[in-house]
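*Asks:* After the structure tokens below, expect a handful of questions from me.
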Amino acid sequence: MVATPKTKILIVEDDQEIRHTYSVIINGSDKYTVVNSYGSCHDAIKNFTHDHPDIVLMDIELPGMNGIQGTRVIKERFPRTEIIMVTVHEDNDWVYQALKAGASGYITKSSNYHELISALNEIVKGGAPISSHIARKIVEDFHVNPVSPLSKRETQVLMLIAQCKTYTQISEELLISKQTAKTFIKNIYAKLQVNSKAEAVAKANRDRLI
């Protein structure tokens, strides 16, 4: 009976001790094997064709090219390779950037042995593993305050302000005049009792208005 080949894992992590720990955990499983591990994206990408991994465990904070940039490069050159971010960062912005770059999963370094192997199992089955508390934060990010004092149009304008859009860009995107855009912003300031774009965005984020 021919044994089923193990799924090949590549580790990109600048902490040698963490690389070793992940290798021990993964090589101790009956489904996975570590083909190599590197302390930088540059080294990992340089040897990628030789290592030919199925899944990459990728840190974000790396010397030189960071993990999100590395993920983007790998997915452009090797689109069939799955990438799981394994990082200390739990901020939603990092999660969104990683997923937009092409990552298929996002777990934290606090994940235990079972969670790490479970994430690999989920990827193999076609899933997208995300640590439960991070998933919860993402869900909450989509829960806009239902009793917002802002109208639908004012909310759209405020979202564009949060994206650092200018009056001209707001007017072009919403198909309104620049003066109308300024009027909307003036009304937003009055309703939120703020005096600047920065204060408006901060209050909107705090009160989940956008």
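*Asks:* With (1) assigned to a loop (DSSP other than H, G, I, E, B); (2) at pLDDT 90 or above as the list, and residue 209 as the residue in question, which single condition is left unmet?
*Replies:* (2)
*Asks:* I want to confirm something. Restricting to region 22-80 and keeping residues that are more than 23 Å from residue 128 (Cα to Cα) and of a type in the set (Ser, Thr, Tyr), which single residue is surrounded by the most Cβ atoms within 10 Å (Cβ to Cβ)?
*Replies:* Across region 22-80, the extreme among qualifying residues is 38.
*Asks:* Within region 75-179, considering only helices (runs of 4 or more DSSP H) that don't extend past its boundaries, which have at least 1 residues that are within 17 Å of residue 10 (Cα to Cα) and modelled with pLDDT of 85 or more? So that I can check it myself, show each step before the final result.
*Replies:* Working: elements: 92-101, 113-124, 132-141, 152-162, 167-174.
In region 75-179, the matching helices (runs of 4 or more DSSP H) lie at 113-124.
*Asks:* Tell me which of these residue 69 doesn't satisfy, since it passes every other one: (1) part of a helix (DSSP H, G or I); (2) over 12 Å from the mean Cα position of the chain (by Cα); (3) not aromatic (Phe, Trp, Tyr).
*Replies:* Failing condition for residue 69: (2).
The values are calculated or read from the model by the stated rules, or taken from the named source; none is laboratory data. Keep in mind that what you see is a predicted model, and the values were worked out from it rather than measured. All Cβ positions, even for glycine, are placed from backbone atoms using ideal geometry, and neighbour counts span all protein chains on display.
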